[in-house]
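Encoded as structure tokens, the structure appears first; notes follow it.
The values are calculated or read from the model by the stated rules, or taken from the named source; none is laboratory data. Predicted model only: the values in this text are computed from it and were never measured. So basically every Cβ, Gly included, is an ideal-geometry build from the backbone, and we count neighbours across all protein chains shown.
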Amino acid sequence: MKQTGGIDIMTILGLILGLGAIVGGNILEGGHTESLLIFTAFFIVFVGTLGAVMVQTPLDVFIQSMKRIQWMIIPPRNNSELMIEKIIEWSHVARKEGLLSLQRIAEEIEDSFPKNGLQMLADGSEPEAIRNALEVELIMNENKDLLAAKVFEGFGGYAPTIGIIGAVMGLIHVMNNLADPAALGPGIAVAFVATIYGVGLANLIFLPMANKLKTIIDGQTQYREMIVDGIVCIAEGENPRNIEIKLKSYL
């Protein structure tokens, strides 16, 4: 029951449309794409934003957030229907062979969450104790992932401000070179492009990433809540048919 996922086409299409709108709009206005590709502006905004986020974020949370970037392209896929079938199968095994027989099944499961639940069942833990233990694990996993999402919210919050700083720096450069007309163009370009980078990165990449992570985390939590209910129902000795009816309400 290893969780696998395919490529999230919506993320790719969204990025293409968002970036295409900016580049295409610039071309339609008679501008040149090269005018948007200014490394100095990008360096100021991206590195400055990265530094600000690193200041506010503990190392372990920052590392966790970087690992979650892959969820943007290949999100975890939880097959709820298959899991319900597995839980019903476990309930039949428990009724026929006893709870201790679930130990053998638990050893074959890769996902640690249902694995822990089955092991507690096999150990003869009370239903309420199983629920409490699994819910603590569920909440801790959810909080850890939500902290990762908040890191990208931080990126989205700082990027526009750093972009303004880059714009001001560009204007300062312009003011210092008023006597040199050749230096005015690059300075003004950095000023405006830095603002575009700051606002663009925030609203096209960072904030959407944070919101998408929250959606994925919500799905993960709902999936695990279903597992908790299923395992507790087995511990309480409920009829497999009743368990199936209850769990299908999650679909």
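Within segment 34-72, the set of residues being closer than 30 Å to Ile7 by Cβ, of a type in the set (Val, Ile, Thr) and surrounded by 18 or more Cβ atoms within 10 Å (Cβ to Cβ) comprises Val45, Thr49, Val53, Thr57.
Leu171 meets the stated requirement of being in a helix (DSSP H, G or I), over 18 Å from the mean Cα position of the chain (by Cα) and surrounded by fewer than 20 Cβ atoms within 10 Å (Cβ to Cβ). Every condition in (1) among the small types (Gly, Ala, Ser); (2) surrounded by 11 or more Cβ atoms within 10 Å (Cβ to Cβ); (3) assigned to a helix (DSSP H, G or I) holds for Gly31 except the one numbered (3).
The single condition from (1) charged (D, E, K, R); (2) surrounded by 15 or more Cβ atoms within 10 Å (Cβ to Cβ); (3) in a loop (DSSP other than H, G, I, E, B) that Arg77 fails is (2). Of the residues contained in segment 1-13, none is found to be more than 30 Å from Tyr223 (Cβ to Cβ), out of contact with any Leu (no Cβ under 6 Å at 6 or more places or on another chain), touching a residue at least 12 places away in the same chain (Cβ under 8 Å) and not assigned by TED's automatic domain parsing to the domain that holds Asn143.
Scanning segment 94-125 for residues that are part of a loop (DSSP other than H, G, I, E, B) and either in contact with a Phe, Trp or Tyr (Cβ under 8 Å, 6 or more places away or on another chain) or exposed (fewer than 12 other Cβ atoms within 10 Å of the Cβ) (or both) yields Gly98, Glu108, Glu110, Gly124.
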